[in-house]
1. So, restricting to strands (runs of 3 or more DSSP E) that lie completely within region 259-373, which ones have at least 2 residues that are touching a helix residue (DSSP H, G or I) at 6+ places or on another chain (Cβ under 6 Å) and at pLDDT below 90?
2. Assess whether residue 233 counts as being part of a helix (DSSP H, G or I) and modelled with pLDDT under 95.
3. Within region 98-116, is there a residue that is assigned to a helix (DSSP H, G or I), in contact with a strand residue (DSSP E or B) (Cβ under 6 Å, 6 or more places away or on another chain) and under 16 Å from residue 297 (Cα atoms)?
4. Pairs only if they're at least six apart or on different chains, beta carbon under 7 angstrom, first in region 277-304 and on the phi > 0 side of the Ramachandran plot, second more than 10 Å from the ligand (Cβ to nearest atom) and part of a loop (DSSP other than H, G, I, E, B); list them, first residue then second.
5. When the residues of region 23-50 are filtered to those that are within 11 Å of the ligand (Cβ to nearest atom) and at pLDDT below 80, which remaining residue is surrounded by the fewest Cβ atoms within 10 Å (Cβ to Cβ)?
6. Any idea which of 304, 344 is buried (at least 20 other Cβ atoms within 10 Å of the Cβ) and under 23 Å from the mean Cα position of the chain (by Cα)?
7. Taking region 256-276, which residues are under 19 Å from residue 80 (Cα atoms) and within 9 Å of the ligand (Cβ to nearest atom)?
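The values are calculated or read from the model by the stated rules, or taken from the named source; none is laboratory data. Small disclaimer: the values here were computed from a predicted structure and weren't measured. As a convention, Cβ positions derive from the backbone with ideal geometry for all residues, glycine included, and neighbour counts pool all protein chains shown.
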Ligand SMILES: C[S@@+](CC[C@H](N)C(=O)[O-])C[C@H]1O[C@@H](n2cnc3c(N)ncnc32)[C@H](O)[C@@H]1O
């Protein structure tokens, strides 16, 4: 099957975006929530994601042809900003959910292609589509809804029966991200937007707590027409995707992936725009356990460390970050810039600025030019505002650094 997507013109010219970057953040914010070409960014929420306007503003001063790296890509916000600006980009994340979401941010397919893929998946038995058993699953989804989710899941894990070729693998990425985005969320009185019984959308409640919640309220799951929700969501989110850029997304520990990349990557990066895991944050993977199941993980919560550095001791965390900065620098031009938004959990009384400074000094590869606060919590300008289980606001800082020449 060939892609039916027509080439769309670049969303922003460099001059426009630079001009916008220096206008009020309210304007940039309004643009970032209203322009249809930006909707893909919100296809699925992710913990501690930063707002699109942050990388968009930073990269507004990038020159044509420059290349961007995010070694802690999360849902791929930096990659999407790079795409909007026509910049080549590479993203790495050790969470499988994050790496799939990042891939979707650089994919291009029409809403019709994505909906048609879901429709075909529902018609054809999948190689493996057995529904998980147990109390959680009975309460979380109507039986027919769960059956349909499992069929689509089975096909996305093995696309052989759908006749998928390289041509439409972007549609696969987009359907996967879209399904992750609608897998759980609040129930509404209007047309359903999510497939689950009442749940948060940003993270999945752990099974025992979720069952207690539903049982106490006598809240039984409703059947949700999966294809209708997919069609509606695809028509809204994928209506006007920006053009493709040169991109690469890797699932893995940045310390290892970057070491491999520098041996193979011929063109160096000019920008590293990133937000490392919050110091003290152990739950990037377990909090996304339901999405992780959908993309092939266990139907139970997994607590393994999985290349995650956020939950390590302070010394190990600083060392791990220093390794990432050092490895990234080796794949960068001599004049590359590193821009970091960084926070730590309030319970861990360490200043984020001190942690990041120590890691950059230890790397010996970057010289800090500015460190400033990322804004006040109620203004809604920080990634921490997206974050609901920290038990308080998180201090965040923005750090700008320049590559120390070899
Ligand atoms: C603060 S989040 C990034 C959010 C991202 N800026 C966004 O807008 O979605 C940090 C990310 O680092 C990832 N991570 C943690 N340890 C990692 C490692 N060793 N290598 C690569 N990614 C890692 C986590 O899985 C998480 O997705």
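1. 332-344
2. Against the criterion (part of a helix (DSSP H, G or I) and modelled with pLDDT under 95), residue 233 does not qualify.
3. There is at least one residue in region 98-116 that is assigned to a helix (DSSP H, G or I), in contact with a strand residue (DSSP E or B) (Cβ under 6 Å, 6 or more places away or on another chain) and under 16 Å from residue 297 (Cα atoms).
4. Correct list of pairs: 280/345; 280/347; 280/348.
5. So the residue we want is 47.
6. Going through 304, 344 in turn, the sole match is 344.
7. Once the filter is applied, which keeps residues that are under 19 Å from residue 80 (Cα atoms) and within 9 Å of the ligand (Cβ to nearest atom), region 256-276 yields 273, 274, 275, 276.
Quick grid of which residues meet (1) within 25 Å of residue 284 (Cα to Cα); (2) surrounded by fewer than 24 Cβ atoms within 10 Å (Cβ to Cβ); (3) near the ligand (Cβ under 9 Å from one of its atoms):
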| position | (1), (2), (3) |
| --- | --- |
| 52 | yes, yes, yes |
| 63 | no, yes, no |
| 78 | yes, no, yes |
| 82 | yes, no, no |
